[in-house]
Amino acid sequence: MSSKKLCLLFGVVFIAVGLLGFVNNPIVGISENAIFHADTVHNIVHIVSGVLFLLVALAAPASSRRFLLLFGIVYFLIGIVGFVNMGSTGMGEVLGFLHVNGADNYLHVGLGIIILLSGSFSKK
């Protein structure tokens, strides 16, 4: 799959997850019972990330592969910082503003790897 198509896919998914976080559900939200903890700021970060993916794919498709690589590294590092700060079961803030829980840390590391690999093995 091309890096442009991957950026489009990740963009739509990130925007959908960001919007889902504003609706009461058991998967992603502010509730302590949600699997992935996401407050308003975290949801906005997802939406902005999705918009960035779409912008790169549509306005600068030649940069899509580099964006995937950079974004994958950033997400992976956010997950690592989360594990260092609160472990795999705690809840707290990463970078002083991003509320996460242990499941978020696993997800960020996993997404970071998937996005990084997508960039590494994508077609131009």
* Structure fact -> Sequence order, the stretch 71-80: Karplus ³J(HN,Hα) from phi using 6.51 cos²θ - 1.76 cosθ + 1.60, θ = phi - 60°, Hz rounded, Gly and Pro as x, gives 5, x, 5, 4, 5, 4, 5, 4, x, 5
* N24 versus A59, label points 7 Å from Cα toward the beta carbon: distance in nm? -> 3.8 nm
* For the stretch 104-111, Karplus couplings with θ = phi - 60° (6.51, -1.76, 1.60), whole Hz, Gly/Pro x -> 4, 4, 4, 4, 5, 5, x, 5
* Once phi is turned into ³J(HN,Hα) by the Karplus curve 6.51 cos²θ - 1.76 cosθ + 1.60 with θ = phi - 60°, what whole-Hz value does each residue of the stretch 25-34 show in order, with x for glycine and proline? -> 7, x, 8, 9, x, 7, 4, 5, 8, 5
* To do: Report, to the nearest 10°, how far helix 40-59 tilts away from the longest principal axis of the Cα atoms in the chain, using its own Cα long axis and a range of 0 to 90°.
  => 0 degrees
* **Nonlocal amide H pairs with S2, under 5 Å, H built at 1.01 Å** => K123
* Give me the angle, in degrees from 0 to 90, between the Cα long axis of helix 3-20 and the longest principal axis of the Cα atoms of the chain, rounded to the nearest 10. => 20 degrees
* Amide H within-cut-off set for V94, under 5 Å, with H built and near neighbours excluded -> H99, V100
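Rounded, prolate or oblate: which one fits the stretch 18-115, using the alpha carbon gyration tensor with axes a ≥ b ≥ c (rounded when a/c is under 1.5, else prolate when a/b beats b/c, else oblate)? Show your work: numbers first, answer last.
On the way: a/c = 2.44, a/b = 1.46, b/c = 1.67.
Note, shape of the stretch 18-115 comes out oblate.
Read the figures in this text as sums done on the coordinates, not as results from a lab. All values derive from a computational prediction rather than experimental measurement. Here the Cβ is made from the backbone with ideal geometry for all residues, glycine too, and neighbour counts use every protein chain on show.
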